[in-house]
Amino acid sequence: MNNIICACGHENPEGTVLCGNCGRPLTKEAKDLKLADMRYEGSARRSQTYNKSIIDKIWNFFSSVKIGVTIIIMILVAAAIGTILPQVLYVPASTEADIAAYYERVYGTFGKIYYELGLSDLYGSWWFQTLIGMLGISLIVASLDRFIPLYNSLKKQRTRRHESFMKRQRLFALGESVAQETLTKSEAKLKELRYDVKREDGALLAEKGRFSRWGPYVNHVGLIIFLFGVMLRALPGFYVDETMWIREGETRAIPEAPGYYLESKDFILETYDKEQADEVFGDAIERVGTIASNYQTDVVLYKKPESALPGQTENLEEVKKESIQVNKPLKFDGFAVYQMDFRLDELKTMHFVLSNKATGESLGDLAIDLVNPETTYDLGNGSSVKLLGYYPDFSGFENGEPQTKSPVPNNPAFLVRMTTPETPKGETSFVAIKQTVEPLGENAYKLEFQNVDTRDVSGLTIRKDKTLWILALGGLIFMIGVAQGSYFNHRRIWIHETKDGQFAVAAHTNKNWFAIKKELDQVTEAAQLPLYKDQQDSESQELKKDGEKSS
(Lines give C-alpha, C1' and ligand atoms only; values in the text may rest on other atoms or scores of the structure.)
Protein backbone atom coordinates (compact mmCIF):
# COMPACT_ATOMS: atom_id res chain seq x y z
CA MET A 1 0.00 0.00 0.00
CA ASN A 2 1.20 3.54 -0.80
CA ASN A 3 1.75 5.97 2.06
CA ILE A 4 0.26 9.46 1.95
CA ILE A 5 2.83 12.23 2.25
CA CYS A 6 1.43 15.34 3.92
CA ALA A 7 2.48 18.90 3.02
CA CYS A 8 4.47 18.91 6.29
CA GLY A 9 6.55 16.01 4.96
CA HIS A 10 5.12 13.37 7.31
CA GLU A 11 4.36 9.96 5.80
CA ASN A 12 0.93 8.59 6.79
CA PRO A 13 -0.42 5.06 6.13
CA GLU A 14 -2.98 4.87 3.37
CA GLY A 15 -6.46 5.45 4.77
CA THR A 16 -5.35 8.20 7.19
CA VAL A 17 -7.87 11.07 7.38
CA LEU A 18 -5.89 13.57 9.48
CA CYS A 19 -2.11 13.86 9.31
CA GLY A 20 -0.57 12.26 12.38
CA ASN A 21 1.97 15.07 12.66
CA CYS A 22 0.23 18.37 11.94
CA GLY A 23 -3.45 17.39 11.76
CA ARG A 24 -4.09 18.60 8.19
CA PRO A 25 -7.05 16.88 6.48
CA LEU A 26 -5.76 14.48 3.85
CA THR A 27 -8.90 13.33 2.04
CA LYS A 28 -11.44 15.28 0.04
CA GLU A 29 -14.23 14.29 2.43
CA ALA A 30 -12.19 15.49 5.43
CA LYS A 31 -11.43 18.80 3.73
CA ASP A 32 -15.14 19.38 3.04
CA LEU A 33 -16.07 18.93 6.71
CA LYS A 34 -16.32 22.08 8.80
CA LEU A 35 -15.51 20.09 11.98
CA ALA A 36 -12.85 17.37 12.03
CA ASP A 37 -13.94 13.78 12.74
CA MET A 38 -11.93 13.01 15.90
CA ARG A 39 -13.35 9.59 16.80
CA TYR A 40 -10.12 7.75 16.01
CA GLU A 41 -7.95 10.88 15.60
CA GLY A 42 -8.30 10.48 11.85
CA SER A 43 -5.94 7.47 11.88
CA ALA A 44 -5.95 4.68 9.30
CA ARG A 45 -7.93 1.57 10.28
CA ARG A 46 -7.04 -1.75 8.74
CA SER A 47 -10.64 -2.54 7.81
CA GLN A 48 -10.88 0.64 5.73
CA THR A 49 -7.51 0.20 4.03
CA TYR A 50 -7.03 -3.41 3.00
CA ASN A 51 -9.63 -5.35 1.01
CA LYS A 52 -7.84 -7.72 -1.35
CA SER A 53 -6.98 -11.05 0.28
CA ILE A 54 -9.40 -13.48 1.95
CA ILE A 55 -7.87 -12.52 5.31
CA ASP A 56 -8.71 -8.88 4.61
CA LYS A 57 -12.31 -9.76 3.80
CA ILE A 58 -12.69 -11.87 6.97
CA TRP A 59 -11.13 -9.09 9.05
CA ASN A 60 -13.42 -6.47 7.49
CA PHE A 61 -16.46 -8.71 8.05
CA PHE A 62 -15.85 -9.16 11.78
CA SER A 63 -14.71 -5.56 12.34
CA SER A 64 -18.07 -4.23 11.18
CA VAL A 65 -20.29 -2.87 13.95
CA LYS A 66 -23.36 -3.87 11.90
CA ILE A 67 -22.18 -7.50 11.85
CA GLY A 68 -21.58 -7.42 15.61
CA VAL A 69 -25.05 -6.02 16.29
CA THR A 70 -26.59 -8.62 13.94
CA ILE A 71 -24.86 -11.46 15.82
CA ILE A 72 -26.09 -10.05 19.14
CA ILE A 73 -29.67 -9.90 17.80
CA MET A 74 -29.41 -13.50 16.56
CA ILE A 75 -28.21 -14.64 20.00
CA LEU A 76 -31.04 -12.78 21.73
CA VAL A 77 -33.65 -14.26 19.38
CA ALA A 78 -32.23 -17.77 19.85
CA ALA A 79 -32.18 -17.33 23.63
CA ALA A 80 -35.80 -16.17 23.54
CA ILE A 81 -36.81 -19.24 21.52
CA GLY A 82 -35.07 -21.40 24.13
CA THR A 83 -37.49 -20.14 26.77
CA ILE A 84 -40.67 -21.21 24.93
CA LEU A 85 -40.49 -24.77 26.28
CA PRO A 86 -38.43 -26.16 29.18
CA GLN A 87 -34.86 -27.10 28.33
CA VAL A 88 -33.85 -30.74 28.54
CA LEU A 89 -32.25 -30.22 31.98
CA TYR A 90 -35.70 -29.62 33.47
CA VAL A 91 -37.46 -32.55 31.80
CA PRO A 92 -38.32 -35.45 34.16
CA ALA A 93 -36.71 -38.12 31.96
CA SER A 94 -33.26 -39.67 31.69
CA THR A 95 -32.90 -41.38 28.29
CA GLU A 96 -33.10 -39.77 24.84
CA ALA A 97 -36.17 -41.84 23.98
CA ASP A 98 -37.95 -40.79 27.17
CA ILE A 99 -37.06 -37.13 26.59
CA ALA A 100 -38.37 -37.22 23.01
CA ALA A 101 -41.55 -38.96 24.17
CA TYR A 102 -42.02 -36.36 26.93
CA TYR A 103 -41.94 -33.40 24.54
CA GLU A 104 -44.36 -35.07 22.14
CA ARG A 105 -46.71 -36.26 24.88
CA VAL A 106 -46.85 -32.97 26.80
CA TYR A 107 -46.57 -30.41 23.98
CA GLY A 108 -47.86 -32.36 21.01
CA THR A 109 -46.55 -31.87 17.47
CA PHE A 110 -44.97 -28.53 18.35
CA GLY A 111 -43.01 -30.21 21.15
CA LYS A 112 -41.82 -32.95 18.79
CA ILE A 113 -40.61 -30.38 16.23
CA TYR A 114 -39.01 -28.32 19.01
CA TYR A 115 -37.05 -31.39 20.15
CA GLU A 116 -36.09 -32.54 16.63
CA LEU A 117 -34.67 -29.09 15.81
CA GLY A 118 -32.42 -29.29 18.86
CA LEU A 119 -34.11 -26.34 20.58
CA SER A 120 -34.62 -28.42 23.73
CA ASP A 121 -30.85 -28.24 24.37
CA LEU A 122 -30.35 -24.82 22.84
CA TYR A 123 -27.59 -23.39 25.02
CA GLY A 124 -25.41 -26.46 24.61
CA SER A 125 -25.99 -26.80 20.86
CA TRP A 126 -23.07 -26.38 18.46
CA TRP A 127 -24.72 -23.58 16.49
CA PHE A 128 -25.49 -21.50 19.60
CA GLN A 129 -21.91 -21.95 20.77
CA THR A 130 -20.81 -20.94 17.24
CA LEU A 131 -22.78 -17.69 17.55
CA ILE A 132 -21.12 -17.03 20.92
CA GLY A 133 -17.72 -17.68 19.34
CA MET A 134 -18.49 -15.38 16.39
CA LEU A 135 -19.49 -12.62 18.80
CA GLY A 136 -16.19 -13.06 20.65
CA ILE A 137 -14.22 -12.90 17.38
CA SER A 138 -16.17 -9.80 16.36
CA LEU A 139 -15.31 -8.09 19.66
CA ILE A 140 -11.62 -8.97 19.34
CA VAL A 141 -11.29 -7.87 15.70
CA ALA A 142 -13.35 -4.69 16.12
CA SER A 143 -11.33 -3.73 19.22
CA LEU A 144 -7.94 -4.30 17.56
CA ASP A 145 -9.08 -2.52 14.40
CA ARG A 146 -9.84 0.63 16.37
CA PHE A 147 -7.65 0.46 19.48
CA ILE A 148 -4.21 0.12 17.87
CA PRO A 149 -4.44 3.15 15.51
CA LEU A 150 -6.10 5.24 18.25
CA TYR A 151 -3.40 4.32 20.77
CA ASN A 152 -0.60 5.14 18.31
CA SER A 153 -2.19 8.49 17.37
CA LEU A 154 -2.67 9.63 20.97
CA LYS A 155 0.79 8.42 22.00
CA LYS A 156 2.53 10.34 19.20
CA GLN A 157 0.36 13.46 19.05
CA ARG A 158 2.25 16.71 18.46
CA THR A 159 2.05 19.82 20.62
CA ARG A 160 1.76 22.19 17.66
CA ARG A 161 -0.91 21.49 15.07
CA HIS A 162 -1.62 23.06 11.71
CA GLU A 163 -4.01 25.97 11.51
CA SER A 164 -6.52 23.89 9.51
CA PHE A 165 -6.65 21.36 12.38
CA MET A 166 -7.24 24.09 14.95
CA LYS A 167 -10.01 25.71 12.91
CA ARG A 168 -11.83 22.40 12.53
CA GLN A 169 -12.23 21.90 16.28
CA ARG A 170 -15.63 22.56 17.77
CA LEU A 171 -14.30 25.13 20.29
CA PHE A 172 -12.00 27.59 18.50
CA ALA A 173 -10.70 31.11 19.07
CA LEU A 174 -8.25 33.34 17.22
CA GLY A 175 -7.18 36.79 18.38
CA GLU A 176 -4.76 38.85 20.41
CA SER A 177 -4.02 38.60 24.11
CA VAL A 178 -3.33 41.75 26.12
CA ALA A 179 -1.73 39.80 28.99
CA GLN A 180 1.99 39.29 29.42
CA GLU A 181 3.33 35.72 29.38
CA THR A 182 0.06 34.34 28.12
CA LEU A 183 1.32 30.78 27.68
CA THR A 184 2.87 30.77 31.16
CA LYS A 185 -0.37 31.90 32.78
CA SER A 186 -2.34 29.44 30.70
CA GLU A 187 0.01 26.62 31.74
CA ALA A 188 -0.31 27.52 35.42
CA LYS A 189 -4.11 27.60 35.30
CA LEU A 190 -4.33 24.35 33.35
CA LYS A 191 -2.08 22.60 35.84
CA GLU A 192 -4.32 23.93 38.59
CA LEU A 193 -7.21 22.24 36.75
CA ARG A 194 -5.19 18.98 36.81
CA TYR A 195 -4.23 18.91 33.15
CA ASP A 196 -0.99 17.35 31.96
CA VAL A 197 0.68 20.20 30.07
CA LYS A 198 3.30 19.92 27.34
CA ARG A 199 4.82 23.13 26.01
CA GLU A 200 7.29 23.73 23.19
CA ASP A 201 8.11 26.40 20.57
CA GLY A 202 5.29 28.77 21.45
CA ALA A 203 2.68 26.01 21.57
CA LEU A 204 0.92 24.33 24.44
CA LEU A 205 -1.03 21.07 24.68
CA ALA A 206 -3.02 20.37 27.84
CA GLU A 207 -4.61 16.95 28.25
CA LYS A 208 -6.40 14.93 30.93
CA GLY A 209 -8.64 11.88 31.18
CA ARG A 210 -7.07 10.04 28.25
CA PHE A 211 -7.73 6.72 30.04
CA SER A 212 -11.47 7.25 29.49
CA ARG A 213 -10.93 6.62 25.76
CA TRP A 214 -10.06 3.03 26.60
CA GLY A 215 -13.40 2.44 28.39
CA PRO A 216 -15.14 0.76 25.40
CA TYR A 217 -12.13 -1.49 24.83
CA VAL A 218 -12.04 -2.48 28.50
CA ASN A 219 -15.75 -3.33 28.05
CA HIS A 220 -14.83 -5.53 25.12
CA VAL A 221 -12.10 -7.30 27.12
CA GLY A 222 -14.62 -8.01 29.89
CA LEU A 223 -17.17 -9.35 27.40
CA ILE A 224 -14.55 -11.50 25.67
CA ILE A 225 -13.52 -13.05 29.02
CA PHE A 226 -17.20 -13.56 29.91
CA LEU A 227 -17.95 -15.24 26.56
CA PHE A 228 -14.84 -17.39 26.96
CA GLY A 229 -16.23 -18.59 30.29
CA VAL A 230 -19.61 -19.33 28.66
CA MET A 231 -17.95 -21.39 25.92
CA LEU A 232 -15.86 -23.30 28.46
CA ARG A 233 -19.11 -24.62 29.92
CA ALA A 234 -19.56 -26.74 26.80
CA LEU A 235 -16.31 -28.61 27.53
CA PRO A 236 -16.43 -31.72 29.76
CA GLY A 237 -15.37 -31.14 33.33
CA PHE A 238 -15.92 -27.39 33.44
CA TYR A 239 -19.67 -27.26 34.04
CA VAL A 240 -22.10 -29.85 35.38
CA ASP A 241 -25.82 -29.38 36.00
CA GLU A 242 -27.45 -32.80 36.22
CA THR A 243 -30.60 -34.16 37.86
CA MET A 244 -30.58 -37.35 39.88
CA TRP A 245 -33.56 -39.22 41.36
CA ILE A 246 -32.62 -41.64 44.12
CA ARG A 247 -34.90 -43.86 46.19
CA GLU A 248 -34.59 -44.73 49.84
CA GLY A 249 -32.15 -47.62 50.29
CA GLU A 250 -30.77 -47.20 46.77
CA THR A 251 -27.10 -46.66 45.85
CA ARG A 252 -26.46 -44.91 42.57
CA ALA A 253 -23.50 -43.50 40.66
CA ILE A 254 -23.47 -39.70 40.71
CA PRO A 255 -23.83 -38.32 37.15
CA GLU A 256 -20.71 -36.61 35.74
CA ALA A 257 -18.75 -37.46 38.92
CA PRO A 258 -16.70 -40.53 37.97
CA GLY A 259 -16.00 -42.90 40.82
CA TYR A 260 -18.49 -41.37 43.28
CA TYR A 261 -21.64 -43.10 44.51
CA LEU A 262 -24.50 -41.92 46.70
CA GLU A 263 -26.66 -44.04 48.99
CA SER A 264 -29.99 -42.69 50.23
CA LYS A 265 -30.53 -43.86 53.80
CA ASP A 266 -33.73 -41.97 54.54
CA PHE A 267 -35.92 -39.13 53.32
CA ILE A 268 -37.44 -36.86 55.98
CA LEU A 269 -40.35 -34.49 55.42
CA GLU A 270 -41.38 -32.14 58.19
CA THR A 271 -44.43 -29.89 58.03
CA TYR A 272 -45.73 -26.98 60.08
CA ASP A 273 -48.13 -27.96 62.84
CA LYS A 274 -51.38 -26.10 62.39
CA GLU A 275 -51.81 -25.57 66.11
CA GLN A 276 -48.27 -24.28 66.64
CA ALA A 277 -47.94 -22.27 63.40
CA ASP A 278 -47.88 -18.48 63.65
CA GLU A 279 -50.45 -16.24 61.98
CA VAL A 280 -48.73 -16.20 58.57
CA PHE A 281 -48.32 -19.97 58.25
CA GLY A 282 -51.66 -20.58 59.97
CA ASP A 283 -53.51 -18.73 57.19
CA ALA A 284 -51.48 -20.50 54.52
CA ILE A 285 -52.22 -23.91 56.01
CA GLU A 286 -55.93 -23.08 55.98
CA ARG A 287 -55.69 -22.36 52.25
CA VAL A 288 -53.37 -25.09 50.91
CA GLY A 289 -53.39 -27.78 53.60
CA THR A 290 -49.83 -28.68 54.62
CA ILE A 291 -46.64 -26.65 54.25
CA ALA A 292 -43.19 -28.21 54.42
CA SER A 293 -40.91 -26.74 57.06
CA ASN A 294 -38.01 -28.99 56.06
CA TYR A 295 -37.28 -31.83 53.71
CA GLN A 296 -33.95 -33.57 53.57
CA THR A 297 -32.19 -36.69 52.36
CA ASP A 298 -29.79 -38.49 54.68
CA VAL A 299 -27.07 -39.89 52.45
CA VAL A 300 -23.73 -41.67 52.49
CA LEU A 301 -21.11 -40.65 49.92
CA TYR A 302 -18.87 -43.42 48.60
CA LYS A 303 -15.83 -43.43 46.36
CA LYS A 304 -14.64 -46.31 44.24
CA PRO A 305 -11.11 -47.49 45.11
CA GLU A 306 -8.43 -46.50 42.60
CA SER A 307 -7.49 -50.16 42.19
CA ALA A 308 -11.06 -51.14 41.23
CA LEU A 309 -11.72 -52.36 37.71
CA PRO A 310 -14.08 -50.40 35.42
CA GLY A 311 -17.68 -51.18 36.34
CA GLN A 312 -16.76 -52.78 39.65
CA THR A 313 -18.84 -51.38 42.53
CA GLU A 314 -17.85 -53.70 45.35
CA ASN A 315 -15.84 -52.52 48.34
CA LEU A 316 -16.78 -48.87 47.97
CA GLU A 317 -14.95 -46.57 50.36
CA GLU A 318 -17.13 -44.39 52.57
CA VAL A 319 -16.25 -40.70 52.23
CA LYS A 320 -18.77 -39.07 54.56
CA LYS A 321 -22.34 -39.08 55.85
CA GLU A 322 -24.47 -35.98 55.52
CA SER A 323 -28.01 -34.65 55.43
CA ILE A 324 -28.83 -32.74 52.23
CA GLN A 325 -31.30 -29.93 52.82
CA VAL A 326 -32.56 -27.04 50.73
CA ASN A 327 -29.69 -24.51 50.47
CA LYS A 328 -27.42 -26.88 52.42
CA PRO A 329 -25.81 -29.05 49.74
CA LEU A 330 -23.43 -31.96 50.02
CA LYS A 331 -20.03 -30.72 48.77
CA PHE A 332 -17.11 -32.82 47.56
CA ASP A 333 -14.31 -32.49 45.01
CA GLY A 334 -15.75 -29.30 43.48
CA PHE A 335 -19.27 -30.76 43.22
CA ALA A 336 -22.36 -29.66 45.15
CA VAL A 337 -25.46 -31.89 45.50
CA TYR A 338 -28.65 -29.93 46.23
CA GLN A 339 -32.04 -31.09 47.49
CA MET A 340 -34.46 -29.82 44.83
CA ASP A 341 -37.56 -32.05 44.78
CA PHE A 342 -39.16 -35.19 46.17
CA ARG A 343 -41.86 -37.76 45.49
CA LEU A 344 -43.64 -39.44 48.37
CA ASP A 345 -44.83 -43.02 48.57
CA GLU A 346 -43.53 -44.38 45.27
CA LEU A 347 -44.48 -48.04 44.86
CA LYS A 348 -41.59 -50.32 45.80
CA THR A 349 -42.85 -53.89 46.21
CA MET A 350 -46.22 -55.49 45.43
CA HIS A 351 -47.35 -58.56 47.35
CA PHE A 352 -49.58 -61.23 45.76
CA VAL A 353 -50.97 -64.58 46.72
CA LEU A 354 -51.62 -67.45 44.28
CA SER A 355 -54.95 -69.05 45.15
CA ASN A 356 -57.58 -71.46 43.85
CA LYS A 357 -60.54 -69.45 42.60
CA ALA A 358 -63.05 -72.18 43.52
CA THR A 359 -61.85 -73.10 47.02
CA GLY A 360 -59.86 -69.98 47.98
CA GLU A 361 -56.91 -72.22 48.95
CA SER A 362 -53.56 -70.39 48.95
CA LEU A 363 -50.61 -71.98 47.20
CA GLY A 364 -48.11 -69.38 48.42
CA ASP A 365 -47.37 -65.71 48.21
CA LEU A 366 -44.76 -63.68 46.35
CA ALA A 367 -43.34 -60.17 46.43
CA ILE A 368 -42.43 -58.45 43.16
CA ASP A 369 -39.71 -55.81 43.32
CA LEU A 370 -40.99 -53.07 40.99
CA VAL A 371 -37.49 -51.82 40.17
CA ASN A 372 -35.71 -55.15 39.57
CA PRO A 373 -38.38 -57.85 39.22
CA GLU A 374 -37.36 -61.49 38.95
CA THR A 375 -38.30 -63.64 35.96
CA THR A 376 -39.66 -66.62 37.91
CA TYR A 377 -41.02 -66.94 41.46
CA ASP A 378 -40.97 -70.48 42.87
CA LEU A 379 -43.71 -70.93 45.48
CA GLY A 380 -42.81 -74.57 46.31
CA ASN A 381 -44.87 -77.75 46.03
CA GLY A 382 -44.72 -77.54 42.22
CA SER A 383 -46.26 -74.07 42.04
CA SER A 384 -44.55 -71.10 40.37
CA VAL A 385 -45.30 -67.77 38.72
CA LYS A 386 -43.35 -66.66 35.63
CA LEU A 387 -43.25 -62.99 34.65
CA LEU A 388 -43.90 -62.78 30.88
CA GLY A 389 -44.17 -58.99 30.78
CA TYR A 390 -43.81 -56.03 33.14
CA TYR A 391 -45.42 -52.63 32.45
CA PRO A 392 -44.38 -50.13 35.16
CA ASP A 393 -46.74 -47.36 34.10
CA PHE A 394 -49.61 -49.22 32.42
CA SER A 395 -51.62 -46.93 30.12
CA GLY A 396 -53.98 -49.38 28.37
CA PHE A 397 -54.00 -51.70 25.37
CA GLU A 398 -53.07 -50.82 21.81
CA ASN A 399 -53.82 -53.41 19.13
CA GLY A 400 -54.18 -55.92 21.91
CA GLU A 401 -50.73 -55.17 23.36
CA PRO A 402 -50.35 -53.60 26.83
CA GLN A 403 -48.54 -50.22 26.87
CA THR A 404 -46.48 -48.32 29.44
CA LYS A 405 -46.05 -44.52 29.54
CA SER A 406 -42.76 -44.47 31.45
CA PRO A 407 -40.32 -46.69 33.36
CA VAL A 408 -41.54 -45.28 36.68
CA PRO A 409 -43.78 -47.70 38.60
CA ASN A 410 -46.82 -45.43 38.87
CA ASN A 411 -49.37 -48.02 37.76
CA PRO A 412 -47.70 -51.47 37.57
CA ALA A 413 -49.17 -54.29 35.53
CA PHE A 414 -47.91 -57.82 34.85
CA LEU A 415 -48.45 -60.54 32.27
CA VAL A 416 -47.88 -63.81 34.16
CA ARG A 417 -48.02 -67.57 33.65
CA MET A 418 -49.19 -69.49 36.72
CA THR A 419 -48.11 -73.11 37.05
CA THR A 420 -49.57 -75.52 39.65
CA PRO A 421 -49.67 -79.36 40.08
CA GLU A 422 -53.21 -79.29 38.68
CA THR A 423 -52.27 -77.03 35.74
CA PRO A 424 -48.76 -78.14 34.66
CA LYS A 425 -49.10 -76.42 31.26
CA GLY A 426 -49.73 -73.12 33.04
CA GLU A 427 -52.44 -70.47 32.91
CA THR A 428 -51.94 -66.94 31.55
CA SER A 429 -53.28 -63.89 33.32
CA PHE A 430 -52.82 -60.11 33.03
CA VAL A 431 -52.77 -58.53 36.49
CA ALA A 432 -53.00 -54.80 37.25
CA ILE A 433 -54.24 -52.76 40.19
CA LYS A 434 -57.99 -53.37 40.43
CA GLN A 435 -57.92 -55.19 37.08
CA THR A 436 -57.41 -58.83 36.03
CA VAL A 437 -57.70 -60.07 32.45
CA GLU A 438 -57.60 -63.76 31.40
CA PRO A 439 -56.74 -63.50 27.68
CA LEU A 440 -56.74 -67.27 26.94
CA GLY A 441 -59.96 -68.20 28.70
CA GLU A 442 -61.09 -68.64 32.27
CA ASN A 443 -58.41 -69.81 34.69
CA ALA A 444 -58.71 -72.08 37.71
CA TYR A 445 -56.17 -70.03 39.66
CA LYS A 446 -55.67 -66.34 40.19
CA LEU A 447 -52.92 -64.01 41.37
CA GLU A 448 -54.58 -61.93 44.04
CA PHE A 449 -53.15 -58.55 45.16
CA GLN A 450 -52.51 -58.27 48.91
CA ASN A 451 -50.64 -55.06 49.72
CA VAL A 452 -47.83 -52.79 48.60
CA ASP A 453 -44.63 -51.37 50.11
CA THR A 454 -43.74 -47.77 49.31
CA ARG A 455 -40.68 -45.56 49.63
CA ASP A 456 -39.85 -41.92 49.09
CA VAL A 457 -37.77 -40.59 46.22
CA SER A 458 -35.42 -37.61 46.43
CA GLY A 459 -34.83 -35.27 43.50
CA LEU A 460 -31.23 -34.05 43.66
CA THR A 461 -29.30 -31.66 41.45
CA ILE A 462 -25.57 -32.14 40.91
CA ARG A 463 -23.68 -28.97 40.07
CA LYS A 464 -20.08 -28.11 39.36
CA ASP A 465 -18.91 -24.85 37.83
CA LYS A 466 -15.23 -24.07 37.24
CA THR A 467 -16.11 -21.06 35.12
CA LEU A 468 -17.70 -18.89 37.83
CA TRP A 469 -14.49 -17.00 38.57
CA ILE A 470 -13.99 -16.39 34.84
CA LEU A 471 -17.54 -15.06 34.49
CA ALA A 472 -17.10 -12.90 37.60
CA LEU A 473 -13.78 -11.54 36.34
CA GLY A 474 -15.30 -10.72 32.95
CA GLY A 475 -18.26 -8.99 34.62
CA LEU A 476 -15.96 -6.99 36.91
CA ILE A 477 -13.76 -5.83 34.03
CA PHE A 478 -16.85 -4.94 32.01
CA MET A 479 -18.20 -2.76 34.84
CA ILE A 480 -14.81 -1.07 35.21
CA GLY A 481 -14.97 -0.22 31.51
CA VAL A 482 -18.52 1.11 31.90
CA ALA A 483 -17.42 3.42 34.73
CA GLN A 484 -14.27 4.39 32.87
CA GLY A 485 -16.11 5.38 29.72
CA SER A 486 -19.25 6.84 31.34
CA TYR A 487 -18.01 8.94 34.25
CA PHE A 488 -14.75 10.30 32.80
CA ASN A 489 -13.93 12.10 29.58
CA HIS A 490 -10.87 12.92 27.51
CA ARG A 491 -10.24 16.66 27.30
CA ARG A 492 -7.59 18.50 25.29
CA ILE A 493 -6.80 22.18 24.87
CA TRP A 494 -4.35 23.56 22.31
CA ILE A 495 -2.97 27.09 22.60
CA HIS A 496 -0.66 28.32 19.84
CA GLU A 497 1.10 31.63 19.37
CA THR A 498 0.97 32.46 15.66
CA LYS A 499 3.67 34.15 13.61
CA ASP A 500 1.82 37.46 13.64
CA GLY A 501 1.59 37.50 17.46
CA GLN A 502 -1.98 36.29 17.77
CA PHE A 503 -3.15 33.29 19.78
CA ALA A 504 -5.13 30.34 18.40
CA VAL A 505 -7.10 28.32 20.93
CA ALA A 506 -8.88 25.01 20.26
CA ALA A 507 -10.45 22.42 22.52
CA HIS A 508 -11.91 18.95 22.09
CA THR A 509 -13.53 16.33 24.33
CA ASN A 510 -15.15 13.00 23.58
CA LYS A 511 -18.15 13.92 25.79
CA ASN A 512 -19.41 16.48 28.33
CA TRP A 513 -18.79 19.69 26.41
CA PHE A 514 -20.31 21.77 29.20
CA ALA A 515 -17.45 20.82 31.56
CA ILE A 516 -14.66 21.64 29.12
CA LYS A 517 -16.32 24.98 28.33
CA LYS A 518 -16.29 25.86 32.03
CA GLU A 519 -12.60 25.02 32.28
CA LEU A 520 -11.74 26.86 29.09
CA ASP A 521 -13.60 29.91 30.43
CA GLN A 522 -11.36 29.85 33.50
CA VAL A 523 -8.19 29.61 31.40
CA THR A 524 -9.42 32.38 29.08
CA GLU A 525 -10.05 34.67 32.03
CA ALA A 526 -6.73 33.90 33.75
CA ALA A 527 -4.56 34.36 30.63
CA GLN A 528 -6.86 36.87 28.85
CA LEU A 529 -7.10 34.65 25.79
CA PRO A 530 -9.43 35.51 22.90
CA LEU A 531 -13.02 34.40 23.41
CA TYR A 532 -13.77 31.05 21.84
CA LYS A 533 -16.77 30.15 19.70
CA ASP A 534 -18.74 26.90 19.71
CA GLN A 535 -18.72 26.26 15.97
CA GLN A 536 -21.33 23.48 16.18
CA ASP A 537 -23.85 25.84 17.77
CA SER A 538 -22.93 28.54 15.25
CA GLU A 539 -23.48 26.14 12.37
CA SER A 540 -26.89 25.14 13.79
CA GLN A 541 -27.91 28.80 14.12
CA GLU A 542 -26.83 29.52 10.53
CA LEU A 543 -28.86 26.58 9.24
CA LYS A 544 -31.85 27.81 11.24
CA LYS A 545 -31.54 31.32 9.79
CA ASP A 546 -31.23 29.93 6.23
CA GLY A 547 -34.37 27.90 6.82
CA GLU A 548 -36.29 30.96 8.05
CA LYS A 549 -35.18 32.99 5.00
CA SER A 550 -36.21 30.28 2.54
CA SER A 551 -39.63 29.95 4.16
Self-check item: Backbone N within the range 334-369 under 19 Å of label point (7 Å from T375 Cα along the Cβ vector)
Solution: 367-369
Quiz prompt | Assigned charges on the beta-carbon of Lys, Arg, Asp, Glu; the range 200-258 dipole about Cα centre (debye) | solution = 80
Quiz item: Taking +1 at the Cβ of each Lys and Arg and -1 at the Cβ of each Asp and Glu, which of G441, W469, S395 sits farthest along the dipole of the range 389-469 towards its positive end, judged by Cα position relative to the Cα centre?
Solution: W469
Self-check item: Reference-scaled alpha-carbon Rg (2.2 N^0.38 Å with N residues) for the chain
Solution: 1.63
Quiz item: Rounded to a whole number, what % of the accessible area of the chain do carbon and sulfur atoms account for, probe 1.4 Å?
Solution: 53
Exercise. Over all directions, average the projected area of the Cα convex hull of the range 55-124 and note it in nm².
Key: 6.1
Self-check item: the range 412-509, relative contact order [Cα under 8 Å, separation at least 6], %
Solution: 13
Quiz item: What distance in nm separates the simple spin-label points at Q87 and Q403, each placed 7 Å from Cα in the Cβ direction?
Solution: 3.2
Quiz item: Can you give the Rg to Rh ratio for the range 303-438, taking only C-alpha atoms and Rh from Kirkwood?
Solution: 1.13
Quiz prompt | Set K156/K198; K28/K155; K189/K518; K34/K155; K328/K464; K357/K446 screened for pairs whose C-alpha atoms are more than 18 Å apart | solution = K28/K155; K34/K155
Quiz prompt | Residue-span extension gain [Q129 to E200] - 0.36 nm each, minus C-alpha spacing | solution = 20.1 nm
Self-check item: Listed residue (V416, F62, L205) projecting farthest to the positive dipole end of the chain, Cβ model
Solution: L205
Practice problem: Treat every Asp and Glu Cβ in the chain as -1 and every Lys and Arg Cβ as +1, leave all other atoms uncharged, and give the resulting dipole magnitude about the Cα centre to the nearest 20 debye. | Solution: 4440
Quiz item: To the nearest 0.05, how large is the calculated FRET efficiency for N2 and E525 if R₀ is 51 Å and r is the Cβ-Cβ distance?
Solution: 0.60
Quiz prompt | Partners for K499 among lysines (Cα-Cα distance below 18 Å; same-chain residues under 8 apart left out) | solution = K167
Exercise. For the range 59-130 and the range 21-49, compute the distance between their C-alpha centroids and round to whole Å.
Key: 45
Self-check item: Estimated inter-spin distance, D266 and V106, nm [label 7 Å along Cα→Cβ]
Solution: 3.3
Quiz item: Straight-line reach from K511: which aspartates and glutamates have Cα under 18 Å away, leaving out those fewer than 8 places along the same chain?
Solution: D37, E41, E207, E519, D521, D534, D537
Self-check item: Debye intensity ratio in log₁₀ form over the Cα atoms of the range 98-213, taken at each q of 0.13, 0.14, 0.20 Å⁻¹
Solution: -0.74, -0.80, -1.16
Quiz item: How high is the relative contact order of the chain, in percent, with contacts defined as C-alpha pairs under 8 Å that are six or more residues apart?
Solution: 18
Self-check item: Taking N as its residue count, the alpha carbon Rg of the range 138-205 over 2.2 N^0.38 Å
Solution: 1.49
Quiz item: Put W245, W126 in order of accessible area, largest first, 1.4 Å probe: what do you get?
Solution: W126, W245
Quiz item: Ranked highest first by the average count of other Cβ atoms within 10 Å around their residues, in what order do 202-215, 475-488 fall?
Solution: 202-215, 475-488
Practice problem: Enumerate the aspartates and glutamates that K303 could reach by cross-link, defined here as Cα to Cα under 14 Å, with residues fewer than 8 away along the same chain left out. | Solution: E256, E263, E314, E317, E318, D333
Exercise. Take each complete run of DSSP H in the chain, measure how far its Cα atoms stretch along the helix's own axis, and keep only those covering 18 Å or more with mean Kyte-Doolittle hydropathy at least 0.5; list them.
Key: 65-81, 126-155, 215-232, 468-486
Practice problem: With r as the distance between the Cβ atoms of D121 and R343 and R0 = 35 Å, compute the FRET efficiency 1/(1 + (r/R0)^6) and round to 0.05. | Solution: 0.90
Quiz item: Which number do you get for Rg(Cα) / (2.2 N^0.38 Å) in the range 85-134?
Solution: 1.18
Self-check item: Where the chain is the region considered: accessible area per residue in Å², 1.4 Å probe
Solution: 56
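The values are calculated or read from the model by the stated rules, or taken from the named source; none is laboratory data. Keep in mind that this is a model prediction, so the values were computed, not measured. Using ideal geometry, Cβ is built from the backbone for each residue, glycine included, and neighbour counts are taken over all protein chains shown. We work out accessible area using only protein heavy atoms, side chains counted, and drop any ligands, DNA or RNA first. Shrake-Rupley method; radii C 1.70, N 1.55, O 1.52, S 1.80 Å.
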